[in-house]
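Let me begin by presenting the structure, written as structure tokens, before commenting on it.
The values are calculated or read from the model by the stated rules, or taken from the named source; none is laboratory data. Worth saying up front: this structure is predicted, and the values here are computed from it rather than measured. Glycine gets a Cβ as well: all are built from the backbone with ideal geometry, and neighbour counts include every protein chain shown.
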Amino acid sequence: MARVKEFDEVKALEKAMHLFWNHGYDGTSLQMLEKAMGLVRSSIYNTYGNKRKLFNTVISHYEKTVITQLMMSVEKESDIRKSMSKMLNGEINLHFNKNNPGGCLIVLSVLEKAQHGDESTKLLESIVKKMEKFLTKKISEAQNEEQISTAVDVKSVSLAIATTVVGIAVMGKAGFSKSALQNMVATTISLLDAS
């Protein structure tokens, strides 16, 4: 008979996610994870594997929850300017949400690439590429629907918006104000008005 787990895996994962988000991979010790997750080391190993596997599970969880929620809000908006504004301002709100450590877990983890093995690096890179692909698709669709000019270079603007997502996380962590980041968003959105 299989042993029933006596803890909420999602809550434990959320606690681990906030630790990695706040302290980075190297800055998060197993002792910190044990304390935050309310688990002994053997339970962490039995459920998630080692620290690296737990980190990869956390990254996948972040993608399925935080990033997917942001993308769904963009998908619901048919106007390209409004949808891109919603996504970028959603990233700003994520940073300034007092329940979060600030910045973006994916961006911050990419910045500490030297700390990661191949599996984590591939996972992080695939998430960034998915975002860029998603943006290219949305902007291309808007161009086909004649919401934006055919003069707009879809690939370049998609990359600029993806870069702005990264910039929001980094500049937010560097202490830039919400209004400064919102101004940056407005400037980025204006790239869709090329004629």
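Taken across region 107-122, residues that are of a type in the set (Asp, Glu), touching a residue at least 40 places away in the same chain (Cβ under 8 Å), over 26 Å from Gly24 (Cα atoms) and out of contact with any Pro (no Cβ under 6 Å at 6 or more places or on another chain) do not occur at all. Entry remark, region 111-124: residues being modelled with pLDDT of 90 or more and within 14 Å of Val166 (Cα to Cα) number 1 in total.
Filtering region 85-119 down to residues that are farther than 26 Å from Ile189 by Cβ and crowded, with 19+ Cβ neighbours inside 10 Å, which residue is nearest to the chain's Cα centre (by Cα)? Looking at the filtered set, the residue picked out is Ser109. Within region 38-61, the residues that satisfy the criterion of being surrounded by 16 or more Cβ atoms within 10 Å (Cβ to Cβ), among the polar types (S, T, N, Q) and without any contact (Cβ under 8 Å) to a residue 60 or more places away in the chain are Ser43, Thr47, Thr57.
Checked against the criterion of being modelled with pLDDT of 95 or more and surrounded by fewer than 21 Cβ atoms within 10 Å (Cβ to Cβ), the candidates Lys64, Lys35, Lys5 yield just one match: Lys35.
For the structure I just gave you, tell me whether Ser43 is part of a helix (DSSP H, G or I), among the small types (Gly, Ala, Ser) and under 18 Å from the mean Cα position of the chain (by Cα).
no
Tell me, yes or no, whether region 171-179 has at least one residue that is part of a helix (DSSP H, G or I) and among the aromatic types (Phe, Trp, Tyr). No, there is no match, as no residue in region 171-179 is part of a helix (DSSP H, G or I) and among the aromatic types (Phe, Trp, Tyr). Does Phe134 count as assigned to a loop (DSSP other than H, G, I, E, B) and aromatic (Phe, Trp, Tyr)? So Phe134 fails the test. Look through region 157-177, keep the residues that are surrounded by 13 or more Cβ atoms within 10 Å (Cβ to Cβ) and of a type outside the set (A, V, I, L, M, F, W, C), and return whichever of them is farthest from Glu77 (Cα to Cα). For region 157-177, the residue satisfying everything is Lys173. Considering region 146-156, the residues that are without any contact (Cβ under 8 Å) to a residue 24 or more places away in the chain and either of a type in the set (A, V, I, L, M, F, W, C) or part of a loop (DSSP other than H, G, I, E, B) (or both) include one that is surrounded by the most Cβ atoms within 10 Å (Cβ to Cβ), namely Val154.
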